[in-house]
Amino acid sequence: METDLAEAYPHRVVLISPPRTGSTAVARLLWQHALITHHCHEPFEACYWGGQGAESVTACLGNPMRVATGDRVRLADVPPGSGLLIKEMSFQLTTDQFDDLAGIATAPLIFVMSDPRLSTTSRLRIVRELSEASTFPPFESGWPSLAGQVARCRELGIPYVLVESDDLRADPAGMTAALVAAVGLPSQAGLEKWSPRPGLQLCSPEVGALMSDSRRTDDPFYRKVLSSTGIQPRARVDWAREEALISAAGLAGDVETWLGLYRELRADPGRLGVPGQAATPLQRDETGRDDETRLGPEYVETGS
């Protein structure tokens, strides 16, 4: 399969993130680039949720979505010179699977992250809608996996960039330009804006149903981002409300651990910033809580 992918796509970009950190919004802006023509959505999802084997990964990679139309096409029918974006959730990958995915990429791996308190409460809202669950297994936050995968990149010399979603929200054009340059794509203006595509089906119904049958007809993971028109600012967050939701779900201790990982990753030299501009520090409000003081007037979730 790797040989077939190499023959079809001279440009192969891999994006990995914890859920609900804005990775689909990053994927959407990359879709706008003229060289990214095809997309494979979470090829290891069926392995994690359904215990399926390598054949499910091959089926996903062998039937990519054509970005322009949303249609699935056979890999054999992909025109030469096309470009592929593969998006995956960090927790759905074993170490071997991560290595396989990293081996496909022709550009630095893209890791997307955001404040784990916000990704946690966002996931809580989704799982409540899907199954009326009040919490989720901590491993499925994706944070331990993300930290381990970044560490593995350092260990093996795999190039990578870290994208902080709120950095992107604060300067969509500048951060988008920096990301495009970091992954070796030619400069192209306006990628951070797009037309709504609410009918697009990123996850096949049979794979989505492995997590929840209701995903066959309406997938809440991507509802907002597919209806959006571009990278949006986030309103100032009511941290007391978010922390109450986290505590009620029994995840307060876990989130404290993930916050430690997040702070370490924010200090990572691989974190993407606008050239010549220092990364924006995590501020503290008068209560001692972390607060992104630069955020804008409207809160719009950007999807997983």
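The values are calculated or read from the model by the stated rules, or taken from the named source; none is laboratory data. This is a predicted model, so every value here is computed, not measured. Reconstructed Cβ throughout: ideal geometry from the backbone, glycine too, with neighbour counts over all protein chains shown. We work out accessible area using only protein heavy atoms, side chains counted, and drop any ligands, DNA or RNA first. Shrake-Rupley method; radii C 1.70, N 1.55, O 1.52, S 1.80 Å.
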In Å and whole numbers, how far do the C-alpha atoms of region 1-152 stretch along each principal axis, longest first?
47, 29, 29
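Using only the C-alpha atoms of region 119-179, find the volume of their convex hull and express it per residue in Å³.
About 106 Å³ per residue, rounded to a whole number.
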Just how much of Thr95 is accessible, in Å², when a 1.4 Å probe is used and the result is rounded to the nearest 10?
80
Evaluate 2.2 N^0.38 Å with N set to the residue count of region 67-195, then give the Cα radius of gyration divided by it.
1.21
Taking Cα atoms only, helix 172-182 is inclined relative to the longest principal axis of the chain by an angle, in degrees rounded to 10, of 50
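Tally up the carbon and sulfur contribution to the accessible surface of the chain as a whole percent, 1.4 Å probe, everything protein left in place. If you can, show how the numbers build up before the last one.
Details: 6460 of 12390 Å².
Accessible surface attributable to carbon and sulfur in the chain totals 52 percent.
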Along principal axes, Cα extents of the chain, largest first, whole Å:
58, 46, 40
Contour excess over end-to-end distance, with Cα ends at Ala76 and Asp238 and 0.36 nm allotted per residue:
53.3 nm
Averaged over all viewing directions, the convex hull of the alpha carbons in region 1-56 casts a projected area in nm² of 4.6
Treating only the Cβ of Lys, Arg, Asp and Glu as charged (+1, +1, -1, -1), what charge dipole size does the chain show about its Cα centre? Round to the nearest 20 debye.
640
Taking Cα atoms, the helix 143-156 axis meets the longest principal axis of the chain at an angle in degrees (rounded to 10) of 60
